[in-house]
Amino acid sequence: MTADISIDITDPRWADVGIDDLIATAAEAVLGHLGLAEDCELSVLACDDARIAELNTEFRGKPVPTNVLSWPAEERGADAPGARPGLPEPDMFGTVELGDIAISYDTCAREAAEAGKPLADHTTHLVVHGVLHLLGYDHIRDPDATLMEGLEVEILGKLGVPDPYYRED
């Protein structure tokens with residue numbers, strides 16, 4: 001299994017975070033965890049709040065910045081709440097086109113600072129989250145959110161990133 005990842009960095013602040021390595025590590029971790037053996041392709045736009053707000057407006061009708069957006073190459077969601085989506089089938093060349101992700105430096109950096117987390121850890125979490133979306137996982141219905149968050153925690157744990165959902169009270 002390999003991931004062919006096209007990364008377009010339009011905000012140079014991402015370079016200081018080592019975004020190329022974070023994306024590759026997170027994507028490979030998701031694919032490996034799910035047992036996806038095929039070669040996979042995805043594109044990632046590492047941008048700023050202004051660009052992601054434009055995309056969020058255009059594709060979701062929400063004229064505000066967000067941390068991460070994803071556009072699956074095809075619908076892969078599970079039919080039953082809390083069920084795992086099926087693994088995608090490769091094309092005739094043995095490749096699976098996953099889709100596209102956009103991630104905003106401004107929002108990620110702000111969220112990481114507010115939560116007292118390293119930016120690299122928060123970014124890794126959001127890339128894992130985005131790749132899971134490309135594979136059909138979602139968090140709209142509670143059982144789906146439970147499944148997706150559990151996978152995120154497992155995958156991040158293997159990468160040495162603490163549980164992003166754990167809250168000390």
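Since every read-out is calculated from the coordinates, none of them should be taken as a lab result. From a predicted model like this one, the values you see are computed outputs, not experimental measurements. So basically every Cβ, Gly included, is an ideal-geometry build from the backbone, and we count neighbours across all protein chains shown.
So what are region 28-169's ellipsoid semi-axes, whole angstrom, largest first, if each one is the square root of 5 times an eigenvalue of the alpha-carbon gyration tensor?
24, 19, 15
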Taking every DSSP beta bridge that has both residues in region 3-158, what percent is antiparallel when rounded to the nearest 5?
25 percent
Low-density loop chymotrypsin sites (Phe, Trp or Tyr not before Pro), region 53-125, at most 11 other Cβ within 10 Å, DSSP non-H/G/I/E/B, are F93
Region 19-43 versus region 50-75: alpha-carbon centroid distance in Å
21 Å
Relative contact order as a percentage, region 3-158, C-alpha pairs under 8 Å and 6+ apart, gives 28 percent
Spin-label pair I9/Y165, simplified geometry with 7 Å Cα→Cβ offset, distance in nm
3.2 nm
Loop-only check: which GluC sites (Glu not before Pro) in region 41-132 are DSSP coil with at most 16 other Cβ within 10 angstrom?
E74, E75
Near the amide H of D39, under 5 Å away, which other amide H atoms are found, from residues 5 or more places off or on another chain, if H is placed in the peptide plane?
T2, V96
